[in-house]
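Worksheet: one structure, shown below.
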Amino acid sequence: MTNREKRRIEPGTFVSRLADEDEDLCRLLEQSDSCEEAEGRVLDYLDDLEAAFRVGAFNVDRIERSAALRWIHVLKDLPSPENESIAGFSTFELLWRTARGEEDEVSEAFVDEFVHILRAIRGRSGIGKGWFDEEERVETAELEQLPASGRKAGVERSAFLDRLASALWDGVRAHPDGLDPEMCAVRAANRDRILERLGGSRRDWARWSWQAENVLKGEGGAQLLHDLVPLSGEEAAAIRLAVRYRIPWGITPYYLSLFDFERADRSVDGQVRSQVIPPLHTVRAMIEHREDRRRAFDYMRERDTSPIDRITRRYPTVVILKVCGTCPQICTYCQRNWEIEEAMDCERIPGRGELRPAIEWLEAHPAIQDVLVTGGDPLVLSNDLLSWLFGRLASIRSVTHIRIGTRTPVTAPMRIDEAVSRMLGRLIDPGRRAVTLVTHVESAAEITPDTGAAVARLKRRGVAVYNQQVLTFEASRRFQAAATRIALRRIGVDPYYTFYTKGKDEHRDYLVPIARLLQERKEEARLLPGVYRTDEPVFNVPGLGKSHLRAGQDRELIGIRADGRRVYLFHPWEKGISPVAPWPYVDVSISSYLARLEERGEDPRDYESIWYYL
């Protein structure tokens, strides 16, 4: 919880801020002697306000009118008994009691939410103005007066789009990719320093076996990290605790070369560091639940969706096949931190006998068409074992698509050599079976010439390559995801999903509001060509699976907690197919997210429209 979520606000200050936005509604709350009376009066007021908007009583544009009507409905729905029952509290009672000076538990983050809601219902959200620079707005203010048709209209419109594109590229350039020659030179120097420290050669560097043998982990890895890379006090403490209590962490030598070796402020390598150096809160939570982590951290309830060891099934025609329990390096916000023990843990790499029962189960279930082979990372298996495994899967007539979920193109791209690429290419049978590799690139900084070469080897063999990004805090700044999509397309990777980080408490430092995914999709990704934004923003519902965030009809805002965190009710993907209960989720507060961005040097005003995304 951030300071803004914790910080209480004086009731008088609340009333003042509320009255600045809607004095009439504020008076209704203050003058009502019971919550029930306040609810009735406010609902009548909102009915009248809605009617006024519908007859054109307010001089606002169509976008503002639409936002006002939407948020009026949201505010009407918050006090419903069913919503309050599911959320476990009454948002409206918090609002009423605080406005009367009787509630001292609400935070500034709660107040911020209602300030913006009241702006919206009065037609003052500003959502129609957009983020485009104010000077540019002045230049384009006469856009509506342009000729309706003809060459002049086309020329003027093109000039406007040039200015907008310039703003886009300014934003993208703030997040350079690893293909940049200057960055490549810095990382080559980093590589040489690592090799000197480990006593290796450049030929060693290019070998997967050498990378695997020299993964940084344990006390030795911590010392090497400390010797080569400046660490903040919190980073050093987190690594120290992780080593002492055997909390999984690990970094390949290749990935270490992507770090900034000159400073610890994360101004250059924030996303890279955040992938592998766990926050102190994460480490402490892992220590606390060391003995019961299989229950405490299994957010997606894989233990409840596994009909047999190594198989997870949430959909009718798709299964996950977990072939190993280790990776070349550990992602700090890993979904499966409840079962990963260590990076490159040989004891968690199975033999054929351990994999056969799951394969035989697949043979007995012809409804399955798509098998996602994952882990851990399946490419830690030897080529011989992979060849046998994929051969068995290919022999199952009902399996028409094999997916390989691996982060090795990012953590150790030399693993994707000609032998592996050839093996995967041989599985392809046009018209009968396709093969796809799905990787996990988090930022443009992770995309290097080595990653591009690995992707090219796969594509020459006919293997499609897709990316799943997790929109963590470190990847969520303006145009950061857009920069990643552009770099992905440059090396031939198709964006596939943009995930909301699994909402696990131990990973709270990585979480961003759901509204940020929606804002990014509409205001930044939308400026890119269609083939650059083929990814879908999704939220994973525990035990059920993906809910597409662009499908606004599949979730409801049912409450706002005293700490400013929105409570959503997610409808299952089975809606319209089979009766399955919806699932409530408590989001990160927008206010605390913006405060963290400001600490990193961002201007919260650049994100102002985030409040109006649901």
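FYI, it's all coordinate maths here, none of it is from the lab. Source: prediction; values computed, not measured. Backbone-built Cβ (ideal geometry, glycine too); neighbour counts: all protein chains shown.
Count the DSSP beta bridges whose two residues both fall in the range 174-512, then state the antiparallel fraction as a percent rounded to the nearest 5.
The answer is about 20 percent antiparallel.
Beta carbons within 10 angstrom, averaged per residue: use that to sort the peptides 457-468, 598-609, highest first.
457-468, 598-609
In straight Cα distance, which lysines are under 26 Å from Lys459, not counting same-chain residues fewer than 8 positions off?
Partners found: Lys322.
The range 229-330: which GluC sites (Glu not before Pro) are DSSP loop and have at most 15 other beta-carbon atoms within 10 angstrom?
Filter output for the range 229-330: Glu262, Glu291.
List the lysines whose alpha-carbon lies under 18 Å from that of Lys504, not counting same-chain residues fewer than 8 positions away?
Lys546
Which percentage, to the nearest 5, of the DSSP beta bridges contained in the chain is antiparallel?
DSSP beta bridges in the chain are roughly 40 percent antiparallel.
Just going by the charge dipole of the chain, with Lys and Arg at +1 and Asp and Glu at -1 on Cβ, which of Ser398, Ile340, Ala236 is farthest out on the positive end?
Working it through, the farthest residue towards the positive pole turns out to be Ser398.
Is there a quick way to get the dipole size of the range 344-459? I mean about its Cα centre, with the Cβ of Lys and Arg at +1 and of Asp and Glu at -1; what is the value in debye to the nearest 20?
460
DSSP loop GluC sites (Glu not before Pro) in the range 69-103 with at most 10 other Cβ atoms within 10 Å of their Cβ, which ones?
Taking the range 69-103 and a limit of 10 other Cβ atoms within 10 Å, the loop GluC sites (Glu not before Pro) found are Glu102.
Just name one of Gly200, Val441, Gln31: the one whose Cα is farthest towards the positive end of the charge dipole of the chain (beta-carbon charges, Lys/Arg +1, Asp/Glu -1).
Of the listed residues, the answer is Gly200.
Distance from the Cα centre of the range 159-221 to that of the range 549-614, in angstrom?
Computed from Cα coordinates, the inter-centre distance equals 34 Å.
Please give the charge dipole size of the chain, origin at the Cα centre, charges +1 on K and R Cβ atoms and -1 on D and E Cβ atoms. Round to the nearest 20 debye.
The dipole of the chain has a size of about 3180 debye.
Among the lysines, select those whose C-alpha is under 29 Å from the C-alpha of Lys152, and discard any that sit fewer than 8 residues away in the same chain.
Counting by Cα, and skipping residues close in sequence, Lys152 has these lysines nearby: Lys129, Lys522.
How would you order 167-180, 557-570 from highest to lowest mean count of nearby Cβ atoms within 10 Å?
Packing proxy ranking, top to bottom: 557-570, 167-180.
Identify, among Pro572, Gly559, Gly530, the residue whose Cα sits farthest towards the positive end of the charge dipole of the range 524-614, taking +1 on the Cβ of Lys and Arg and -1 on the Cβ of Asp and Glu, with the dipole about the Cα centre.
Toward the positive end, the furthest listed residue is Pro572.
Which trypsin sites (Lys or Arg not before Pro) in the range 285-333 sit in a loop by DSSP (not H, G, I, E or B) and have at most 15 other Cβ atoms within 10 Å of their own Cβ?
Filter output for the range 285-333: Arg290, Arg301.
In degrees between 0 and 90, to the nearest 10, how far off the longest principal axis of the chain does helix 449-460 point, with axes built from Cα atoms?
The angle comes out at about 80 degrees.
Rounded to the nearest 20 debye, what is the charge dipole size of the range 174-512 about its Cα centre when +1 sits on each Lys and Arg Cβ and -1 on each Asp and Glu Cβ?
I would put it at about 1020 debye.
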